[in-house]
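Nothing in this text is a laboratory measurement; each read-out follows from the coordinates by a stated rule. Please read all numbers here as calculations on a predicted model, not as lab measurements. No Cβ is skipped: glycine too gets one built from the backbone with ideal geometry, and neighbour counts run over all protein chains shown.
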Amino acid sequence: MSDQDGLSQLLTFEYAAVYGYGLASAVLATAVPPAQAALALAVAGLQTHHDRRDALTQRIVAAGGTPPPGDAAYRYPRPDGAAAALALIADIEDSVAAACHDVLGRLDRGSLRTEVATFLGNAATTAARARLLSGAGPARATTAFPGGA
Amino acid sequence: MTLRPGLHSPTRRTHLAGPGVPTRREVLAGTLLLALAACSDGNATDNGSSPDDDALRRRAAADEQRLLAAYAATAARHPALAGTLAVPWQQHREHAARLAESPRGSSGPSTAAPTAPPVPANASAAVRALATLERSVATTRRNACAAAGRGLAPLLGTLAAAELVHADVLLGGGEV
């Protein structure tokens, strides 16, 4: 897999992440009782994925490629409360981690792999935080092989 | 690289010999093609593991043993931390087992027992020291990811991510 293909594959997951984080943020912003820590996690995550989406797009274009288009909507259920919003965030990050793991196994050797490993670490950390915030203990909030089996 | 005198005199002569004899530039181009061909060969075997991968895997396994030794030493010094350490410690055992599976059937990781680092007397300082070690190993693995074969790179990336999570959980999820 070329670096361009790897960037494109990651970009498709970033579109979905931005969409899902938008849903989660909206629900958490109006949650009763207030879910401040969860909202902070959602807002930071939304920013991270928004920025990464733009950065990946720019890099694909700068290298002469055409970024894959995003979809108008994704099949994420609208969360019906703070717990569901945190579960959605964990799901989004799990899918990003799995995508990174997959791309790492197909990219040629090079520095893009280091970046993708950084994305994987960020996704695993955020997923664990979302589960911890929803009350799971470390045994259920974390996994020995994030993104992989 | 040492200079090979034999390379110089023939190329000098080609300039004198004129057309029909490879010029210095053509010889260099040929050498470059050979080098590129060698690189392609390397990529062709990228899917499997290589001697380099064996070294990276051994390094990762040795780091895993270091982490296990650090957890054991910390637990021994601070029994009250047992609950905090349990999950990351168990996951490190799983990592060590995975790294011991060699795809080439060669010998497993070095069995030399690592020496545990000194454990701070203060429990929270001891936890911070473990988190620092986790992050340092995560950085090593993330960097190794760039050089590994395609079979090993995802595992190194996953292990690096797991260690960042461990550090985060140990520190209470308060720091990125």
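Observations
- Packing around the peptides A:24-32, B:120-128, taken as the average count of other Cβ atoms within 10 Å per residue, puts them in this order, highest first: A:24-32, B:120-128.
- Helix axis angle, A:111-133 relative to chain A longest principal axis, alpha carbon, degrees: 10
- Under a model in which nothing but the beta-carbon of Lys, Arg (+1) and Asp, Glu (-1) is charged, chain A shows a dipole of about 260 debye around its Cα centre.
- Taken along the Cα-to-beta-carbon direction at a fixed 7 Å, the label points for A:ALA55 and A:ASP108 span 2.3 nm.
- Per-residue ³J(HN,Hα) for the stretch B:151-158, Karplus 6.51 cos²θ - 1.76 cosθ + 1.60, θ = phi - 60°, Hz, x for Gly and Pro: x, 8, 4, x, 5, 4, x, 5
- For the pair A:ASP91 and A:MET1, label points projected 7 Å from Cα toward Cβ lie 2.3 nm apart.
- Under the combined filter of DSSP loop state and at most 15 neighbouring Cβ atoms within 10 Å, the stretch A:1-105 retains these trypsin sites (Lys or Arg not before Pro): A:ARG75.
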